[in-house]
Amino acid sequence: MNLRIACAAVALAAMAQPASAQQYPSQQVRIVVPFSAGSNTDAQARILADKLSQMWKQQVIVENRPGIAGTASVAKSPADGYTLMLTSSGHPVANVISPAAPFDPVKDFAGVTQVSVVSASFMVPPELPANNLKEFIALAQKSPGKMNFGSAGTASTSYLAGEIFKQVAKVNLVHVPYKGAPEAMNSILRNDTQVYFASTTYSPDLVTSKKIKVLAVSSAKRAPNFPDVPTAAESGLPEYVYDSWFGVMAPAGTPPAILNKVAADIAAVLKLPDVKKAIDNQGLVATTQTPAEFDKLIASEAARYGKILREAGVGTAK
């Protein structure tokens with residue numbers, strides 16, 4: 001009798017797993033954004049939250065928790081699909097940049113899907129005496145440690161793009177972290193920093209009004225909204241190619257069925273005409289992946305960029 005009861009319990013547990021995934025979500029879902037309000041990450045999270053709320057008939061809220069603490073809170077959350085995180089391509093090397101980070105960016109998270117990719121623009125103040133990338137590198141090499149590069153914060157894509165550039169171009173720039181992209185943008189407008197590796201989404205109006213200069217873009221191909229701006233490779237630095245991305249993650253251990261459902265539903269949202277237009281208007285290129293594909297990308301970039309940063313003397317391995 002006990003054996004029959006045990007077998008029945010196992011069968012019921014097995015049946016309960018897919019049922020749980022089919023019923024998801026049955027309550028409010030949080031999307032944690034480890035960056036400030038007004039950032040690219042935040043804007044995309046709010047687009048997804050609005051559409052997923054309609055699709056799921058459940059409230060989806062965005063919670064801004066900038067910095068390592070925000071990411072750590074997701075790692076410690078229940079792996080039930082009710083806490084998600086929309087983050088950037090700085091995530092895979094968070095524990096290299098901040099060795100004291102209380103999480104492993106690969107082991108403690110499960111990938112859901114990419115949402116978009118975007119080039120970084122090499123943004124400088126208009127008064128800086130450099131009109132192309134070669135001139136900037138020459139200027140920086142003449143004044144080692146006297147020029148600053150701003151970022152949206154430690155582990156942000158703007159920080160990673162800057163550190164990789166420093167190593168490839170062999171220049172000594174001082175990193176100045178800010179609490180989000182808006183503050184970093186203001187720093188370049190005030191000439192407090194001399195370069196900011198900003199998403200191309202931030203630049204068009206500022207370029208038109210001549211409040212900034214964009215010397216190059218980091219992508220392998222020219223950015224759609226900056227067709228006249230050369231790539232770093234075209235500017236004489238072929239080793240420098242960096243495409244940043246934004247994507248959704250969940251705590252490690254989240255059931256695969258839930259990860260797959262969320263990925264599929266986000267893919268459906270990104271195909272909506274108004275969402276596609278909103279993404280395009282930000283200068284982003286919408287893209288999706290399966291959870292398995294996204295996990296593979298995160299692990300690959302953790303290894304690749306982690307090696308680059310360690311060789312540059314940034315942080316230490318955990």
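Which one of these is within 21 Å of the chain's Cα centre (by Cα), outside the structural domain of Val62 (by TED's automatic domain parsing) and in a helix (DSSP H, G or I): Asn225, Asn186?
Of Asn225, Asn186, the one residue that is within 21 Å of the chain's Cα centre (by Cα), outside the structural domain of Val62 (by TED's automatic domain parsing) and in a helix (DSSP H, G or I) is Asn186.
Within the range 180-198, track down each residue that is crowded, with 22+ Cβ neighbours inside 10 Å and either within 19 Å of Lys166 (Cβ to Cβ) or basic (Lys, Arg) (or both).
The answer is Ala184, Ile188, Thr193, Gln194, Val195, Tyr196, Phe197, Ala198.
Just a yes or no: is a residue in the range 56-76 under 19 Å from Ser244 (Cα atoms), at pLDDT 95 or above and touching a Phe, Trp or Tyr at 6+ places or on another chain (Cβ under 9 Å)?
yes
Collect the residues in the range 252-279 that are free of Cβ contacts under 8 Å to residues at least 40 places away in the same chain and either part of a loop (DSSP other than H, G, I, E, B) or within 17 Å of the chain's Cα centre (by Cα) (or both), keeping them in residue-number order.
Lys271
Which of the residues belonging to the range 189-220 are in a loop (DSSP other than H, G, I, E, B) and not hydrophobic (A, V, I, L, M, F, W, C)?
Arg190, Asn191, Asp192, Thr193, Gln194, Ser203, Ser209, Lys210, Lys211, Ser218, Ser219
Could you pull out the residue among Ser203, Ser187, Ser209 that is at pLDDT 85 or above and among the small types (Gly, Ala, Ser)?
So the residue among Ser203, Ser187, Ser209 that is at pLDDT 85 or above and among the small types (Gly, Ala, Ser) is Ser187.
Return yes when Lys166 is out of contact with any helix residue (DSSP H, G or I) (no Cβ under 7 Å at 6 or more places or on another chain), touching a residue at least 24 places away in the same chain (Cβ under 8 Å), in a loop (DSSP other than H, G, I, E, B) and not assigned by TED's automatic domain parsing to the domain that holds Phe35 and no when it is not.
Criteria not met by Lys166.
Condition first: more than 22 Å from Asn40 (Cβ to Cβ) and assigned to a loop (DSSP other than H, G, I, E, B). Now tell me which residues in the range 169-181 satisfy that.
Within the range 169-181, the first condition is being more than 22 Å from Asn40 (Cβ to Cβ), and the residues that meet it are 169-174.
Those that are more than 22 Å from Asn40 (Cβ to Cβ) and assigned to a loop (DSSP other than H, G, I, E, B): Lys170, Val171, Asn172.
The values are calculated or read from the model by the stated rules, or taken from the named source; none is laboratory data. Treat the numbers as computed from the prediction; the structure is a model and nothing was measured. When we count neighbours, we look across all protein chains shown, and the Cβ atoms used for this are built from the backbone with ideal geometry, even at glycine.
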